[in-house]
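Take this structure first; my questions come after.
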Amino acid sequence: MSHRSAGAGPSTVSRGLRPSPDRLSLRSTSPRRGEKAAFGFLVLAAAVSVLTTVGIVVSLALPAVQFFREVNVLDFLTGTSWTPRFTEKSYGVLPLITGTLWTTGIALAVCVPLGLGAAIYLSEYASTGVRKTLKPILELLAGVPSVVYGLFAVTFVGPVVLKEWFGIQVQTFSVLAAGLVLGVMIIPTVASLAEDAMSAVPRSLREASYGLGANRMRTVLRVVFPAAVSGIAASLVLALSRAVGETMIVAMAAGSQAKMVSDPLEGGQTMTGFIASAALGDSVQGSLQYNTLFAVGITLFVLTLVINLISIRLVNRFREIY
Amino acid sequence: MSAVTADQAMPRTPLARAAYGEKDLRSMGFLVVLWLCLAFGILVLAVLLVTTFLDGRERMDGELFTNYTSQIAPETAGARAAILGTAWVILTTALLAIPIGVAAASYLEEFASTRSRFARFVELNVQNLAAVPAIIYGMLAAAAAVAVGIPRNTVIAGGIALALLILPVVIVATREALRAVPQEIRQASLALGATPMQTLARQTLPAAVPGIATGTILALSRAMGEAAPLLLLGGLVFVKFDPNGFLSGFTTMPIQIFDWAARSQVEFQQLAAAASILLLVLVILLNGVAIIIRNKYATAR
């Protein structure tokens, strides 16, 4: 582009000296085709995210529609038996949903209190130095690959922590071990977003609270927390969507038996766990078995889409206030 | 950020501070609970690192790097194909995600008006895609590969899946980095006669490089540990050859770990732990580099 900008100077002058006043314009004096092409590239790149969404919807919906031609939607959503690979086939997705609900519920029970506690400490109590050291370490929890967490859940949390240390008789694969480890993985997501929300609360609110004689705990719980509540809620909703969508931990640690889960000490299959194990199988493309994957996939996508849109609305509202 | 100045008048150590502001037992108890919340996460991280190291240290040998995987000889099996495959796929991911992500962010941050319908729609899409489950991207990449007629289990299909997965992260990081560039730099450049595109290419983007690098390195380290989308590409769990191009078959370290962990022999479990150590070291290194870049440029500004 440099040669073009060098040539732009003289041409501006020569045009500027032309007598006719209506030839004077503020528009660019050279065509700058390279810049237009560059701008086109920027717009195209931005459009990639739209194309991705469209691509996801199309690639999930087409096989899913084929699936729902053969399987009644209501039977799919309300059936309590999931046996697509047996001779006696049944396509009720509820067992997978209960599996997902258990792992997600357990994960949230871990990551919500711990994540919020860490966020309050980092935002309201920690000095700059402490925060600068501890935050990256905590965030490393989110950077640990999920297969490593899966291995950790199967080889350590299940047999050693739960069975040996706490005497809880979990099976080799259990939604409890999977959910606990999943929860630990999501702590940084909650902590980081909730801390941002609380840090965005204006100092004047805190000072007003101190001025009225409140101590730090009272200020945190009665002033800062309520003021940041929409951002905190957004962090929790994002944690929910992470927990629902995480695959490898549940595929490795929760087991692969699709059944209505009623006891967290037992194994169970989640929606993502089913997709992972079915993908490993050798079903023929276009067959009903293969399309099952996409029926579950689109259920998962719609579920997380709804959760995400709620979260986005919450985040936008919290941005508008401060 | 805002609590920082309030802290400066306070005693430094946690205990002394507890005594300073928190005189009653309940507030001190509250602070202790907060401490425990933070300590728990860090403790689990430490336990995870230690147990993985103890489980895998016996197989942290040369054969892990030089040998292919095996079904019959776990004692000498290695992750050679997986290590090379990870390198290929991450390279492809970076080549796709960085230019597209930086360009999209530049458009949204530097050119699009806030009232532009298109820009707002793109933003909504980016926000939503950031939280779409990773495994869904695998389904997309598999369908896309089949649609254009290339085999699903190729480096390029894997790269596309992971690039689309981290694209929202790269976009958000780049936008934040661009936003942190002082407005005066743009104004000075424009006042000297540079076009908006020249201003972007020669002033704004170079000034934003540290922020972009931090976000991108973290995103790539996440992609490196991700297995779920690649499972959907099929045929990746037992690969005994070096990948040699974008259309070559491949496997990656997380998938290799997943495969080994599912096997019952103790040797395979050790192998999985050994490969996990390797992956953890890489992830921690990348995180460290990202943090160093962030801290270095945050203090310089």
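The values are calculated or read from the model by the stated rules, or taken from the named source; none is laboratory data. No experiment lies behind these values; they were computed from the predicted model shown. As a convention, Cβ positions derive from the backbone with ideal geometry for all residues, glycine included, and neighbour counts pool all protein chains shown. Surface areas here come from the heavy atoms of the whole protein model, side chains and all, with no ligands, DNA or RNA. Shrake-Rupley method; radii C 1.70, N 1.55, O 1.52, S 1.80 Å.
In the protein assembly as shown, how many lysine pairs have Cα atoms under 24 Å apart, counting only pairs 8 or more places apart or on different chains?
Numbers: A:Lys89/A:Lys259; A:Lys132/B:Lys296; A:Lys135/B:Lys296; A:Lys163/A:Lys259.
Close lysine pairs found across the protein assembly as shown: 4.
Most mobile of B:Met28, B:Met60, B:Met139 per a Gaussian network model of chain B (Cα springs, under 10 Å)?
It is B:Met28.
Compute, for B:Asp61, the solvent-accessible surface of its heavy atoms (probe 1.4 Å) with the complete set of protein chains present, and express it in square angstrom to the nearest 10.
For B:Asp61, the solvent-accessible surface is approximately 50 Å².
Now for a separate question. In whole angstrom, note down how far apart the Cα centers of region A:155-207 and region A:231-252 are.
Using only Cα atoms to place each centre, the spacing works out to 11 Å.
So what is the diffusion coefficient of chain A in µm² per second by Stokes-Einstein at 37 °C and 0.692 mPa s, using a Kirkwood Rh over Cα pairs?
139 µm²/s
Let me ask something else about it. Taking the Cβ of B:Ala273 as the center, what net charge do the other residues with Cβ under 10 Å away carry, scoring Lys and Arg +1 and Asp and Glu -1? Kindly include the intermediate steps, with their values, before the conclusion.
Details: positive: B:Arg57, B:Arg59; negative: B:Asp55, B:Glu58.
Net charge around B:Ala273: 0.
Suppose each label sits 7 Å from its Cα in the direction of the beta carbon; what would the A:Gln171-A:Lys36 distance come out to in nanometres?
6.6 nm
Ordering A:Trp102, A:Trp82 by how much accessible area each has at a 1.4 Å probe, largest first, what is the list? Could the numbers behind the result be given before it?
Numbers: A:Trp102 80, A:Trp82 10 Å².
Listed by decreasing accessible area, they come as A:Trp102, A:Trp82.
Rounded to the nearest 500, what is the 222 nm mean residue ellipticity of chain B from helices alone, with -39500 (n - 2.57) per DSSP H run of 4+ residues and division by all residues? Don't jump to the answer; show the numbers that get you there.
Values: 14 runs with 212 residues, N = 301.
Helix contribution divided over all residues of chain B: -23000 deg cm²/dmol.
Another question, then. With springs only between Cα atoms under 10 Å, which of A:Arg69, A:Arg32, A:Arg131 fluctuates most in a Gaussian network model of chain A?
Fluctuation is largest for A:Arg32.
Using Cα springs under 10 Å in a Gaussian network model of chain A, which residue among A:Phe68, A:Phe39, A:Phe274 shows the largest mean-square fluctuation?
Taking springs between Cα atoms under 10 Å, the residue moving most is A:Phe39.
Could I ask something else about it? Taking 8 Å as the Cα distance limit and 6 or more residues as the minimum spacing, I'd like the relative contact order of chain A as a percentage. Please list the in-between numbers first.
Working: 432 pairs, mean separation 74.3, N = 322.
Once divided by the residue count of chain A, the mean separation gives 23 percent.
Further, regarding this structure: Mean Kyte-Doolittle of at least 1.0 and a Cα length of 15 Å or more along the axis: which whole DSSP H helices of chain B meet both? Intermediate values should be presented prior to the final figure.
Details: long enough: B:25-56 (45 Å, 2.11); B:80-106 (39 Å, 1.68); B:117-129 (18 Å, 0.03); B:134-148 (22 Å, 2.27); B:155-179 (34 Å, 1.89); B:205-225 (30 Å, 1.16); B:266-300 (50 Å, 1.49).
Going by DSSP H runs, the hits are B:25-56, B:80-106, B:134-148, B:155-179, B:205-225, B:266-300.
Dipole of the protein assembly as shown, Cα-centred, from +1 at each Lys and Arg C-beta and -1 at each Asp and Glu C-beta, to the nearest 20 debye? Walk me through the intermediate numbers first.
Details: 46 positive and 33 negative charges, 507 e Å.
In debye, rounded to 20, the protein assembly as shown gives about 2440.
Please check region A:138-177 for residues whose accessible area, probe 1.4 Å, is lower by 30 Å² or more when all protein chains are in place than in their chain alone.
The answer is A:Leu138, A:Leu140, A:Leu141, A:Gly143, A:Val144, A:Pro145, A:Val147, A:Val148, A:Leu151, A:Phe152, A:Thr155, A:Phe156 - residues whose exposure falls by at least 30 Å² when every protein chain is included.
Then there is this: Which order do the peptides B:204-213, A:159-168, B:167-176 take when ranked by the mean count of other beta-carbon atoms within 10 Å per residue, highest first? Mind showing how you got there, number by number?
Values: B:204-213: 18.8, A:159-168: 13.2, B:167-176: 23.7.
The densest-packed peptide leads the list: B:167-176, B:204-213, A:159-168.
In whole angstrom, how far apart do the alpha carbon centroids of region B:42-82 and region B:213-266 sit?
If you average the Cα positions of each part, the centres end up 15 Å apart.
Using only protein heavy atoms and a 1.4 Å probe, how much accessible area in total is buried between A and B, to the nearest 100 Å²?
Buried area between the two chains comes out at roughly 7800 Å².
Hey, if you drop one equal point scatterer on each alpha-carbon of the protein assembly as shown and run the Debye formula without solvent, what base-10 log of I(q)/I(0) do you get at q = 0.10 Å⁻¹?
Each listed q corresponds, in turn, to -0.95.
How shielded is B:254-264 by partner chains, expressed as the average number of their Cβ atoms within 10 Å of its Cβ atoms? Could the numbers behind the result be given before it?
Working: counts 6, 2, 1, 7, 9, 2, 2, 9, 6, 0, 0.
Mean inter-chain Cβ contacts per residue within 10 Å come to 4.
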